[in-house]
Amino acid sequence: MSAAIRLKKFGTKKRPYYRIVVMDKKSARDGKAIEELGYYHPIEAVDKQILFDPEKVRSWVEKGAEVSDTVRDILNKKNFSL
């Protein structure tokens, strides 16, 4: 099984809300997640948009999980480097 750190979409039309999750690469976007690492709420105030656990992200990357381009950009907004 190969894992990926990517976004899982929640919310309603014009009010998106995303969770940063670890999932099997072949599973659907909104399928079952292995672990939830944080969230991204793009319409919230700038200081409340992104929250994640950096230790969990690092441990999954060390285990071989690939980070999607979108999640990589979100983590870079918080000055978190992989």
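The values are calculated or read from the model by the stated rules, or taken from the named source; none is laboratory data. From a predicted model like this one, the values you see are computed outputs, not experimental measurements. With ideal geometry, Cβ positions are generated from the backbone for all residues, glycine too; neighbour counts draw on all protein chains shown.
Scanning segment 1-16 for residues that are part of a strand (DSSP E or B) and either among the β-branched types (Val, Ile, Thr) or in contact (Cβ under 8 Å) with a residue 40 or more places away in the chain (or both) yields Ala3, Ala4, Ile5, Arg6, Leu7, Thr12.
Taking the numbered list (1) free of Cβ contacts under 8 Å to residues at least 40 places away in the same chain; (2) touching a Ser or Thr at 6+ places or on another chain (Cβ under 9 Å) in turn, Asp30 passes all entries but (2). Under the condition of being among the basic types (Lys, Arg) and surrounded by 14 or more Cβ atoms within 10 Å (Cβ to Cβ), the residues counted in segment 9-60 number 2. Report yes if some residue within segment 17-30 is part of a strand (DSSP E or B), more than 15 Å from Ser68 (Cα to Cα) and either more than 10 Å from the chain's Cα centre (by Cα) or modelled with pLDDT under 95 (or both); otherwise report no. There is at least one residue in segment 17-30 that is part of a strand (DSSP E or B), more than 15 Å from Ser68 (Cα to Cα) and either more than 10 Å from the chain's Cα centre (by Cα) or modelled with pLDDT under 95 (or both).
Screening Asn79 with (1) surrounded by fewer than 19 Cβ atoms within 10 Å (Cβ to Cβ); (2) on the phi < 0 side of the Ramachandran plot gives one miss only, at (2). Considering Glu44, Glu55, the condition of being at pLDDT below 95, out of contact with any strand residue (DSSP E or B) (no Cβ under 7 Å at 6 or more places or on another chain) and of a type in the set (D, E, K, R) is satisfied by Glu44 alone.
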